[in-house]
Each structure stands twice: as structure tokens, then as C-alpha cells.
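A short write-up of the structure that comes next.
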Amino acid sequence: MPLIVKAPGLQGLAKEALLEHYEVKVLEYEVRDRINEIKTKEFSISSLKEYINLVDPSLMGVPMRQFILETGWFKSELFKVYNNIAGMKYPYVRKTTATGIAMGYARYKHWTDSVDDYIYWRDHWKSKGYETDNYYDFLNDINYSISPGYEKLLRAIDI
């Protein structure tokens, strides 16, 4: 009968690296599960803030103010009926989560899809060389709004 030798256990750096990898994967799965759970919930400001913190915390600044302004504090028909949180038009030249057009704007299956589409929209502009370090400058550079007071309105929103 052949002799079976038990392999030595992991030691030192290899063991630490494996444990760290495991912890990272567990956290990734927990975040993914929470994102998927939020994607089944009705809208609330607390769910929006949690979703943003999970998918892209940079949205908590100017973009959050845009969501508030564009939806009239989340009361507009475009938002309540068609889940459009940012007044986005239907895009024909970039990746989108929009499912169609309503009232001349993009419509979404769920409000989180609109947040995801906003990220696709922003990343589309970044891929064209626009910087988002100063988000107000970014919005001006891409001519986001025809309203000369748009930035002032955004800055006035207290979040």
C-alpha cells in the first residue's frame, strides 16, 4: 500500500494572503447581495443614499443635488412613474439601462437603473476626456443645462 503524506498546512505569508483574499470575497458578495436587495425595494431617500454609497460614493455630492433638483425632491411624474431620477434623455450612442422613452425622456424599470444609467452617462463623458474632479465645471463644460442659473440652484440644495 502506498504511503500517503499529508501536505503541510499553509504558513506565514501564504496563509495571510489566502485569508485576506477570502475576506475580500466575502465583503464583495455581501455588497453585491445588498445591491440586489435594494434593487427590489421601493424608493426612499435612505435607500438611495445607501445604494449610492455601495455603487459610487462620488455621486453623493453634485449628482445627488441634481437628482433632487431634476425630480423636485423625488415628486415629479417622470420619477414617480418612469423611475427617471436625473431627467435623462434616452441615449442612442452609449450603454444604457433605459427600457424606452416616456414624456420625451428615458424610462427605467427601477429607480436604481436610473442611477446606474447616470453613471454610464458620466463615464461616457469621462471616456471622451472630460474631467469630473470639479463637477460643476464638468457640467458647464458639457453644456449640461441651458439654464444660466443651474449651478446656483444646485449649490443652494442642502444635503
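Laboratory data are not the source of any read-out in this text; all were calculated from the coordinates shown. This structure is a prediction, so every number in the text was calculated from the model and none was measured. Neighbour counts run over all protein chains shown; Cβ positions are idealised from the backbone, glycine included.
Could you tell me which of 69, 110, 31 has its Cα farthest along the dipole of the chain towards the positive end, charges placed at Cβ (Lys, Arg +1; Asp, Glu -1), taken about the Cα centre? Final value for the positive-end residue is 110.
On C-alpha positions alone, give me the angle between the axis of helix 62-71 and the longest principal axis of the chain, in degrees, nearest 10. Tilt relative to the chain: about 50 degrees.
Cα gyration tensor of the chain, axes a ≥ b ≥ c as square roots of the eigenvalues: rounded (a/c below 1.5), prolate (a/b > b/c) or oblate? In terms of gyration-tensor shape, prolate.
Under a model in which nothing but the beta-carbon of Lys, Arg (+1) and Asp, Glu (-1) is charged, the chain shows a dipole of about 400 debye around its Cα centre. Please name whichever of 150, 138, 91 sits farthest to the positive end of the charge dipole of the stretch 57-155, dipole taken about the Cα centre and charges placed at Cβ: Lys and Arg +1, Asp and Glu -1. The Cα lying farthest towards the positive end belongs to 91. Working from Cα pairs under 8 Å separated by at least six residues, relative contact order for the stretch 98-159 is 15 percent. Think of the chain as a dipole: +1 on every Lys or Arg Cβ, -1 on every Asp or Glu Cβ, centred on the Cα centre; then among 57, 119, 11, 119 lies furthest on the positive end. What's the longest piece of the chain with no exposed GluC sites (Glu not before Pro), counting a site as exposed if DSSP puts it in a loop and it has at most 16 other beta carbons within 10 Å? Here the longest segment lacking exposed loop sites spans 43-130. Between residue 37 and residue 50, the simple spin-label model (points 7 angstrom out along Cα→Cβ) gives 0.6 nm.
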